[in-house]
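Following: one structure in structure tokens, then a few remarks.
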Amino acid sequence: MRMTSRLNKKYYIIPFLYISLIIFLFYLQFATSKQFSENYLSINISGSARSGSRDMEKNVSRLETVMHGIKLIFSDSSPLTVTEYDGTVFEPSISGYRKNPESIDILFSENFRITISAADERGINYIINAAMPSGKKIKNISLSFEVEKNEELVKSSNFPVFGYNSEDNLYFFTAEGDGSAIDSKKGRISLAPGEKGRFSAVISEAADSINDPREFWLSKNTDLEISSDEISTEKKYVDLAWKNLRTSRLDTESGMWKDKNNQPVYSREIISFLGSEAFKRKEYNLNQWIFRITGAKNPDSQFIENALINGAAQTAYRQMQSSDLELINDITLKIRNNNKAVFRIKNLVQLITDRGPYSLIQELFLAAEKLDIASLDMETAAGAASAYLDFAFYNIERELSIKKLNMIINQKLLDKTVMVDNRLYLIKEGDKSDLLFTVKTAELFKKAGETAGRPVLKQIGSKLISAVLSLAGNDGFVPEILYLSHNGITGMDGFIEPEYIYPALESAEYLPRINSLKNQAAPGTWIASCSKIEGFKSTGGGISIETGFPVDETENIIIQGIQSVSGVKLYGVNWNTAADFEKYYAGWVYSSETQTLFLRLRHRQEIETIIIDF
């Protein structure tokens, strides 16, 4: 007989109940979730919150923020990783968000919070300020962001950089991963997605010397150290220019030189170049021969530069006084008519400080303060930055001047610095780079780097100049205009003679120049020479000046603004005054009428000391 048996019904009921419970809990999870979305301060905020709760600070389970094409995601599946300075790592979970007048707070567990604002005056799109529990400091934060395929992120800073501030320390982080690229022509970043359309962005600490995101990007993506090849390129460039000005470009018939259009020209730029290089190369006698040829046929062109190289300083000084009066009048008129073109005048602040009424400096400073930086064209912006650089040098509202200097450089000039073929260029407008403007701006960067304590800015200036010199032809001329794209240089126009680039080079050691002594003496006091001013100090009854110049070469000096002179010591001994002092290797004469000391000195050693007794 065959027997059968059945399972008890309870064995079917128990699995059914378990499955039903799982389905119910799964349903409950979604049934209690509430989707939300809003726009606030140009930031799109969306995510999921527990149903029935209006407290968006505590009940959010997923949060997304979208701005300028970038989506930041905060959820358990996209954790935020925080590393403290002691090495502790934790992943706070999202709690919610809170709206502020100019930002939103993203709130997490463990009292962690980040604040996101739309932008600041530096043009950074996402500003993240992190707040930790008391006594803890953040070393870095790791998070993820997403972009749509080939989304172009147009950033006012032109670089793929976000800012991060914590306890007055400035940090930056950039996109890392395959697919990120720079469109150098327009200064945009295109991010193609990596795995699952996601890039990792890691905040890293910037050096103390970096205070702008563009500097950080350049320091990370460009070798800013000047190589031996670049030094060699500059030397070859100067050697070629020196050779051509003494041979193929010298027109002995007209007593002039040939310019880029093969036309005769007699310029202070050529004279300055030849004089500086002649002193450095100890070929001054050869240079004198050239100046005799050209000077005899151009007797009315006795520039102050020519006088400082070859003598005749008193004649040049009288011409300088006449031209200064016209220039100061023009500057005064432009300032009082609110003409922004005044800031395009070279050495504007020094001109007023040394040779104009000092009250005009205050008028100029007020005019600079009224400038709308955002609306300035590139040349006026560079001129305004140069003015603030000199304001800082002369201790005129120094702290404010450096702040404004940095602001103009960051917003108007660094903003246009791009990388093409692994070299840095400056875009002036559209796709065009004006190389003479680039050189002058690079010189500004180098000086501003010294004054404002920004060594990276100084390196950027040197790299811009290196890029320009790399384009020089066999005649020593470089293009005037470059046309650029992200694929490279697409075209060139015009030429620039080397004498216009030379003042920005390290080689330009003995250029004729006017150095203000306003900080050491008083406004209106200055010294003009081809030498390096190595030292200046008061001796109680007068002043002591140390000058650096090649041994066996003779420097000519003009010192303006000395009220009286009772004697001068040269080579450590009292030296008699002589009206015809320019005939000798050393001597001096003083004009009480103009309060000007004219002096000549052949260097027996590299650094000579001149003592002037009042």
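Here the range 216-246 is the region considered, the condition is being open to solvent by 70 Å² or more (accessible area, probe 1.4 Å) and at pLDDT 90 or above, and the residue that is farthest from V439 (Cα to Cα) is K243.
Taking I611, is it open to solvent by less than 20 Å² (accessible area, probe 1.4 Å), under 40 Å from the mean Cα position of the chain (by Cα) and not acidic (D, E)?
no
Looking across the range 427-454 at every residue that is surrounded by fewer than 17 Cβ atoms within 10 Å (Cβ to Cβ) and without any contact (Cβ under 8 Å) to a residue 24 or more places away in the chain, the one that is nearest to L405 (Cα to Cα) is identified as E450. Scan the range 317-341 for residues that are touching a residue at least 40 places away in the same chain (Cβ under 8 Å) and not aromatic (F, W, Y) and the total you get is 2. For beta carbons closer than 7 Å, sequence separation of 6+ or different chains, a first residue in the range 351-364 that is aliphatic (A, V, I, L, M) and a second that is in a loop (DSSP other than H, G, I, E, B), the qualifying pairs are I361/I396. Residues that are of a type outside the set (A, V, I, L, M) and touching a Lys or Arg at 6+ places or on another chain (Cβ under 7 Å) were ranked within the range 364-385; the one that is most open to solvent (accessible area, probe 1.4 Å) is E379.
The number of residues in the range 416-446 being at pLDDT below 90 and among the hydroxyl-bearing types (S, T, Y) comes to 1.
If you go through the range 410-424 and keep only what is crowded, with 19+ Cβ neighbours inside 10 Å and free of Cβ contacts under 8 Å to residues at least 60 places away in the same chain, you end up with K412, L413. When the residues of the range 455-512 are filtered to those that are among the charged types (D, E, K, R) and in a loop (DSSP other than H, G, I, E, B), the one that is surrounded by the most Cβ atoms within 10 Å (Cβ to Cβ) is E497.
Counting only strands (runs of 3 or more DSSP E) that sit wholly inside the range 526-598, not one has at least 1 residues that are among the hydrophobic types (A, V, I, L, M, F, W, C), surrounded by fewer than 17 Cβ atoms within 10 Å (Cβ to Cβ) and in contact with a helix residue (DSSP H, G or I) (Cβ under 8 Å, 6 or more places away or on another chain). Within the range 39-71, the set of residues being at pLDDT 75 or above, assigned to a strand (DSSP E or B) and under 14 Å from G96 (Cα atoms) comprises I45, S46, G47, S48, A49, V60, S61, R62, L63, E64, T65.
The values are calculated or read from the model by the stated rules, or taken from the named source; none is laboratory data. Just so it is clear, the model here is predicted, and its values are computed rather than measured. Counting neighbours? That spans all protein chains shown, and the Cβs are built from the backbone with ideal geometry, glycine included. Note: areas computed on protein heavy atoms with side chains; ligands, DNA, RNA excluded. Shrake-Rupley method; radii C 1.70, N 1.55, O 1.52, S 1.80 Å.
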